[in-house]
Amino acid sequence: MERLSFRQSVDRMVDRALAVMELDPGTAAAIKACNSVLQVKFPVKIRGQIQVFTGWRAVHSTHRLPSKGGIRYAPYVNQDEIEALAALMTYKCAIVDIPFGGSKGGLLIDPSKYDRDEMQLITRRFTVELVRKGFLSPSTNVPAPDMGTGQREMAWIADTYKHLFPDDINHMACVTGKPVQHGGIRGREEATGRGVQYALQEFFRHPDAVKRVGLSGGLDGKRVVIQGLGNVGYHAAKFLSEEDGIKVIAVIERDGVLMNDDGLVIEEVYRHLVENKTILGYPNASFDENGKKALELECDILIPAAMEEQITSDNAGRIQAKLVAEAANGPVTYEADEILRERGIGILPDAFMNAGGVAVSYFEWIRNLSHIRFGRMHRRHDELRRHQYAALLEEHTGTVISDKIRNKIVRGADEIDLVRSGLDDTMRSGFQQIQEVYETNDKVNDYRTAAFVIAIDKISRSYLDLGIY
Ligand code: GLU
């Protein structure tokens with residue numbers, strides 16, 4: 001059988017959900033279709049030579065605006081991949097109730113071959129292309145970071161847009177994932193990894209769900225293999241190990257795998273990786289250059305947090321994890337998904353697991369439109385009130401509250417607290433909805449189908465309510 005492309009793989013997964021729903025085929029086709037795709041080729045003069053770059057921006061859906069999704073920079077992106085990722089953005093936003101359509105962008109480039117100034121030139125030029133063609137604006141299409149991009153690129157995009165439209169009072173909202181001092185929001189960088197943590201915490205609050213995948217108890221002590229120590233993998237592994245007591249027994253990176261049965265210290269591994277640009281030479285672990293093979297290690301939870309198509313029909317039969325938590329987009333192919341399910345391995349799907357990034361992007365976008373930091377108006381007021389309650393309590397009970405306790409009780413929430421609280425709520429309620437469909441719909445036997453059923457149901461309702469224009 002010929003291998004499915006990434007986009008076909010996503011479509012097949014959606015078809016599985018459609019098969020258990022009663023949706024008219026026209027609406028189903030409208031939901032699945034990618035609305036528009038822009039391909040641009042633009043020249044940039046680099047070191048005296050003209051180079052032509054190719055980029056894409058796919059808009060999968062506009063039932064809610066703006067359409068939202070990251071821009072990735074990689075030496076192998078293509079239109080099929082960008083369309084698949086744009087579709088995943090549509091479903092992702094719907095699952096966790098983020099009122100956006102789905103979009104995604106990509107630029108064919110190897111960022112390691114260009115210096116900072118050159119990257120800036122290329123990014124600004126790409127931004128102009130997207131803006132001019134109507135594929136970037138605060139109200140219709142808002143990019144964010146993805147693989148190969150980060151705060152730096154988002155700041156350049158925002159600044160380019162501002163220069164093109166200085167009269168647009170909402171210019172800051174044209175992109176999310178910006179540095180905090182340039183319109184970003186605290187907690188956006190950690191958001192996707194933090195969301196993975198909150199999602200797993202919620203999963204482990206459901207003993208029946210935990211039991212079904214052959215696990216028991218809570219997160220504490222669970223043996224975890226993680227693939228990818230980029231922004232998502234690093235934060236997920238760090239928070240889960242430092243705060244929830246998981247044991248990261250293997251970290252898989254581009255150049256191999258580090259293994260330590262007692263658990264790796266993520267912060268140390270990460271520092272080594274950043275300083276040396278490789279995990280090679282890290283002292284407190286054994287090393288094997290066959291990283292991909294380590295996906296097959298015996299463990300409780302496997303977290304693929306690198307990129308798409310990592311678990312395929314080639315290795316799915318050998319995966320030994322009890323639960324696969326998809327932190328990356330599309331790490332398990334359609335064929336592999338079938339194999340894993342047949343083998344009784346639980347899968348928490350990407351469109352839910354990594355939704356933390358776009359959730360906090362939504363908070364950032366709201367912050368930009370309201371032009372005020374969350375908590376700025378009421379934080380001190382809340383603190384004052386709580387001081388008054390503490391005083392009242394002391395007066396009535398005749399006891400003195402220690403400074404340590406008092407400070408804890410009275411402290412008002414600042415932006416990072418509110419962002420984490422909003423994110424936690426988003427992930428909890430996302431999982432609860434998925435769990436409910438899983439439990440109440442006899443035809444649904446896995447979390448991915450449950451998640452897509454929820455997404456399609458919400459999107460179709462908005463199509464039916466609004467009509468087709
Ligand atoms: N690129 C991220 C994703 O795949 C974030 C998208 C966003 O924040 O708009 O979900």
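The values are calculated or read from the model by the stated rules, or taken from the named source; none is laboratory data. These numbers come from a predicted model, not from an experiment. As a convention, Cβ positions derive from the backbone with ideal geometry for all residues, glycine included, and neighbour counts pool all protein chains shown. Surface accessibility is based on the protein's heavy atoms, side chains included, excluding ligands, DNA and RNA. Shrake-Rupley method; radii C 1.70, N 1.55, O 1.52, S 1.80 Å.
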(request) Using label points projected 7 Å from each Cα along Cα→Cβ, tell me how many nm separate Leu384 and Ala19, to one decimal. (result) 6.2
(request) Would you work out the charge dipole size for segment 39-121 about its Cα centre, treating the Cβ of every Lys and Arg as +1 and the Cβ of every Asp and Glu as -1, and quote it to the nearest 20 debye? (result) 160
(message) Here is the link list: Lys238/Lys322; Lys113/Lys247; Lys92/Lys178; Lys45/Lys162. Which ones come out longer than 32 Å on Cα distance?
(response) Lys113/Lys247
(request) Under 16 Å Cα to Cα from Lys408, which aspartates and glutamates show up? Leave out anything in the same chain fewer than 8 places away. (result) Asp382, Glu383, Glu394, Asp417
(request) Could you name the aspartates and glutamates whose alpha carbon sits less than 18 Å from that of Lys41, not counting residues in the same chain fewer than 8 places away? (result) Asp80, Glu81, Glu83, Asp110, Glu118, Glu129
(request) Would you calculate, for the chain, the mean residue ellipticity at 222 nm contributed by helices, counting each DSSP H stretch of 4 or more residues as -39,500 (n - 2.57) and dividing by all residues, to the nearest 500? (result) -14500 deg cm²/dmol
(request) Keeping the other protein chains in place, figure out the carbon and sulfur percent of the accessible area of the chain, with a 1.4 Å probe. (result) 50
(request) Can you tell me how much longer the chain between Ile405 and Thr140 gets when fully stretched, taken as 0.36 nm per residue apart minus their C-alpha distance, in nm with one decimal? (result) 90.7 nm
(message) Step by step: find N for the chain, compute 2.2 N^0.38 Å, then divide the Cα radius of gyration by it. What's the final number?
(response) 1.01
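Averaged per residue, what accessible area in Å² does segment 65-167 show with a 1.4 Å probe, protein chains only?
Accessible surface, normalised per residue, equals 34 Å².
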(message) Compute the distance from the alpha-carbon center of segment 256-324 to that of segment 350-383, in whole Å.
(response) 32
(message) Order 389-395, 314-320 from most to least packed using the mean count of other Cβ atoms within 10 Å.
(response) 314-320, 389-395
